[in-house]
Amino acid sequence: MNVFVINSGSSSIKYQLIRMPEGNVVCSGLIDRIGQAGSIIKHKTFLNGKEELQTMQINIIDHAAGLREVAHLLIDPVIGVIKSSDEIQVVGHRVVHGGESFSKTMIITEDVKEKIRQLFPLAPLHNPPNYLGIGVAEKIFPNAKQIAVFDTAFHQTMPPVSYRVAIPNEFYDKHQIRAYGFHGTSHKYVSERTAAYLKKQESKIITIHLGNGCSMAAIKNGQCVDTTMGFGPMNGLMMGTRAGDIDQSIIFHMVNQLGLSLDEVNNILNKKSGVLGLTIQSDMRDVKAEYKKGNKDAILAYEMYAYRIKKYIGAYMAVLNGLDALVFTAGVGENDELTRDLSTRDMDHLGIHLDERKNLNGGKGIFEIGKEGAAIKILVVPTNEEREIAEQCYSLLK
């Protein structure tokens with residue numbers, strides 16, 4: 001079964017063509033700067049043991065134009081991996097917000113699309129491009145099953161004590177204001193790989209997804225019981241451009257005393273805060289370079305970033321009443337040994353002991369960075385949201 005996975009962002013599309021059930025990636029790519037001058041397509045193919053990369057810089061006016069370009073690349077007579085777009089049997093879409101309507105993967109119908117559209121206010125930066133990607137894919141791959149995989153679905157196992165907000169009941173009853181959580185596809189994927197690695201079906205795991213967006217999840221026996229992101233994807237950890245947890249009084253002060261509009265405050269907290277707000281850089285690789293030079297802003301940013309992670313580790317160990325494994329994943333989690341080091345320092349009393357040599361040397365695939373014989377394993381587990389989406393699509397249809 002050929003599953004074409006689409007992850008549509010506001011100005012980008014990530015994609016993979018995966019052959020299931022083997023899970024072989026036939027091609028993958030990224031279309032960036034959609035709607036801007038100098039759009040970029042990076043298209044990789046994996047055939048006969050060889051990996052080839054094509055990079056093109058062309059103007060792509062919208063998502064429809066971008067997916068049409070990808071469709072042409074898929075069937076290109078020289079570098080194509082299929083002969084016709086009809087060979088795509090399934091298109092799997094990452095949809096960020098499923099609200100309370102969707103707790104599992106769904107075949108996309110007109111009713112499903114309408115419910116995704118109704119959830120625009122809950123994820124205004126994410127659901128509209130996800131919805132748009134569905135509409136475009138239906139036209140380009142008309143014979144394929146279109147399937148939605150929701151980022152919030154994995155967190156639907158949280159109990160009310162985790163997801164309810166302590167405001168009047170009517171806001172939940174009438175408006176579904178509650179914590180939903182995000183990055184669920186990643187948390188599900190790495191927690192399942194971790195449980196298999198531990199050879200324990202009954203396990204207590206904390207997953208730490210650190211990319212430009214960051215979140216953590218407390219997972220007991222494969223089910224999420226708590227997560228750091230809430231009603232929207234701004235809460236919890238400090239992130240690349242998002243503030244994370246913030247005293248609500250600051251928002252009222254910025255509006256009432258500083259004269260900022262709510263839109264301005266929203267933009268600041270979402271796009272100008274976090275690591276960017278402290279250092280004028282949002283990429284941790286750039287901040288790390290400044291950290292090593294002794295830049296005080298970069299040092300503070302790293303310490304705050306790690307401090308938030310440490311606080312949630314402690315909180316989630318209390319929620320789980322113990323821990324089998326602490327798992328780092330995603331771009332920063334998998335590649336930044338400094339973040340992993342700072343996030344696990346001085347936690348001996350909790351049974352968390354990092355091996356500095358293992359952490360510095362890294363590894364491939366799943367690798368351990370905790371001290372030998374420690375009761376709590378510290379792991380790096382590479383995430384693969386596209387593979388998880390393909391697996392969920394295949395499981396739904398087989």
Grab the DSSP H runs of the chain that are 4 residues or longer, score each as -39,500 (n - 2.57), total them, divide by all residues and round the 222 nm result to the nearest 500 deg cm²/dmol. -11000 deg cm²/dmol
Please go through the residue pairs K310/K377; K14/K139; K220/K377; K14/K115 and name each one whose alpha carbons sit more than 21 Å apart in this structure. K14/K115
Expressed as a fraction of 2.2 N^0.38 Å, the rule-of-thumb size for a compact globular protein of N residues, what is the C-alpha radius of gyration of segment 200-380? 1.08
Provide R164, R357 in ascending order of the number of other Cβ atoms located within 10 Å of each residue's Cβ, fewest first. R357, R164
Please determine, in degrees from 0 to 90 and to the nearest 10, the orientation of helix 385-397 with respect to the longest principal axis defined by the Cα atoms of the chain, where the helix direction is its Cα long axis. 60 degrees
Provide the percentage of antiparallel DSSP beta bridges, counting only those with both residues in the chain; round to the nearest 5. 70 percent
Between segment 41-110 and segment 147-182, the alpha-carbon center distance in angstrom: 31 Å
Choice from E388, E202, E110 showing the highest fluctuation, given a GNM over the chain with Cα pairs closer than 10 Å: E110
So the angle from the long Cα axis of helix 63-74 to the longest Cα principal axis of the chain, reported in degrees to the nearest 10, equals 70 degrees
Taking the Cα atoms only, what angle lies between the long axis of helix 127-140 and the longest principal axis of the chain, rounded to 10 degrees? 20 degrees
Only counting other Cβ atoms within 10 Å, I'd like M284, M106 sorted with the fewest neighbours first. M106, M284
How would you rank M234, M56, M1, going from fewest to most other Cβ atoms within 10 Å of each one's own Cβ? M56, M1, M234
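Here, each number is a calculation from the coordinates, and none is a lab measurement. Given the structure is predicted, the values throughout are model-derived calculations rather than measurements. Neighbour counts are summed over all protein chains in view; Cβ atoms, including those assigned to glycine, are modelled from backbone coordinates with ideal geometry.
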